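Below is one structure, written out as structure tokens; comments come after it.
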Ligand code: AQP
């Protein structure tokens with residue numbers, strides 16, 4: 001019997017940041033290490049999704065390959081046969097299924113996607129593409145092609161799981177059981193546990209999440225940042241004038257974010273870290289501790305990155321992309337037949 005599939009993708013629209021690292025990459029690598037044999041892990045670079053927001057196309061391929069190396073530097077076990085690592089556009093079924101799914105998707109239901117509304121508000125009308133509007137349908141294809149059951153998503157992407165389930169169900173109802181649906185958002189949260197809701201905030205504006213498409217980059221610690229420059233970003237993080245360290249995301253978002261980052265780097269629980277710093281009047285000490293942790297982490301991570309075995313990575317891509325093309329094309333062929341494209 002085939003193993004349940006856990007699937008995640010990280011766009012290559014920019015370098016990854018510490019939010020992507022702690023919120024997506026590490027939990028998945030942990031799963032791959034702890035549950036080898038029980039689940040199949042699909043980790044991919046959604047290169048087609050990467051330019052749903054504007055990118056420098058002359059750098060996209062390089063960024064895609066760089067991000068794959070980041071996965072390996074973060075500890076992705078390439079020798080595990082249950083781990084599949086691939087580039088979305090190397091499996092053409094993603095695009096083909098998207099086009100078919102589009103015709104079963106309502107314009108109205110897509111217009112209600114909050115991530116689209118948020119991202120388009122940031123971009124401004126003249127830079128919002130149909131590709132961004134269609135993002136959730138491509139994501140549905142990413143999931144349905146492999147019958148993926150578990151897809152870690154934060155609150156900002158929960159609607160995309162729901163639309164994937166709706167689309168899958170709609171097509172199954174009309175044509176018979178073509179798709180295995182991903183689990184409900186509630187079940188996803190139960191399966192992935194506490195890391196699911198993790199959202200590291202932007203250092204300059206701690207009321208919004210750290211986001212790699214943010215164009216200034218000043219509030220983001222990228223994995224490729226110079227370690228000393230990243231430490232400086234922490235030292236100049238926005239805080240408040242309350243002169244008391246408390247874990248309170250509403251009243252003290254900047255301080256709470258620093259406590260969260262501190263907890264992640266130190267490996268201590270957020271409660272322990274918050275207790276240790278509680279009510280301290282000086283924000284400088286907290287910032288200094290976090291800055292030192294960030295600097296040490298980046299120096300170590302970047303050494304690992306330099307040592308990534310590129311030939312092993314290329315070999316893994318080839319094996320995974322061959323295997324995933326087979327799986328995806330089998331699903332696509334069933335759909336093509338059902339909708340009348342094949343006899
Ligand atoms: N700030 C964050 N804290 C924790 N986890 C985060 N993730 C993103 N930001 C944070 C997780 O990283 C993965 C990246 O998915 P994506 O590349 O498809 O894009 P995203 O979710 O929209 O993440 P970004 O960094 O904000 O990218 P942009 O700005 O390009 O859209 C996801 O698993 C996400 O939960």
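Please treat every number below as a calculation from the coordinates, not as lab data. What you see is a predicted model; the values in this text were computed from it and never measured. Cβ sites come from the backbone with ideal geometry, for glycine too, and all protein chains shown count toward neighbours.
Details
- Mean separation of Cα contacts under 8 Å (6+ apart) over length of the chain, as relative contact order %: 21
- Here the range 89-155 is treated as an ellipsoid with the same Cα gyration tensor; its semi-axes, largest first and in whole Å, are 22, 14, 12.
- Per residue, the convex hull spanned by the Cα atoms of the chain amounts to 143 cubic angstrom.
- Difference of contour (0.36 nm per residue) and Cα-Cα distance, residue 92 to residue 338: 86.7 nm
- Helix 135-144 axis versus longest C-alpha principal axis of the chain: approximately 70°, rounded to the nearest ten.
- Span from the the range 205-249 Cα centroid across to the the range 62-76 one, whole angstrom: 23
- Over the Cα atoms of the range 227-305, the radius of gyration divided by the Kirkwood radius equals 0.99; this is the Rg/Rh ratio.
- Model label points for residue 99 and residue 218, set 7 angstrom from Cα along the Cα-to-Cβ axis, are 4.5 nm apart.
- Taking all Cα pairs closer than 8 Å and separated by 6 or more residues, the relative contact order of the range 98-234 comes to 19 percent.
- Taking the helices alone, the chain has a mean residue ellipticity at 222 nm of -16000 deg cm²/dmol, built from -39,500 (n - 2.57) per DSSP H run of at least 4 residues and averaged over all its residues.
- Restricting the calculation to alpha carbons of the range 195-343 gives Rg and Dmax of 21.8, 73 angstrom.
- Compared with the dominant principal axis of the Cα atoms in the chain, helix 114-123 is inclined by about 60°.
- Semi-axis lengths, Å, the range 73-114, gyration tensor of Cα atoms, sqrt of 5 times eigenvalues: 33, 15, 8
- Relative contact order (percent, whole number), the range 227-305, Cα cutoff 8 Å, 6+ residue spacing: 41
- GNM on the chain, alpha-carbon springs under 10 angstrom: the most fluctuating residue among 226, 240, 126 is 126.
- Estimated from the Cβ-Cβ distance and a Förster radius of 22 angstrom, the FRET efficiency linking residue 129 and residue 69 is about 0.20.
- The simple spin-label model puts a point 7 Å past each Cα toward its Cβ; for residue 241 and residue 326 those points are separated by 6.6 nm.
- Set of the range 284-303 residues, backbone N closer than 19 Å to the point 7 Å along the Cα-Cβ line of residue 251: 284
- 342, 199 arranged by Cβ crowding within 10 Å, fewest neighbours leading: 342, 199
- Alpha-carbon centroid distance for the pair the range 119-166 / the range 1-61, whole angstrom: 14
- The angle between the Cα long axis of helix 158-175 and the longest principal axis of the Cα atoms of the chain comes to about 10 degrees, rounded to the nearest 10.
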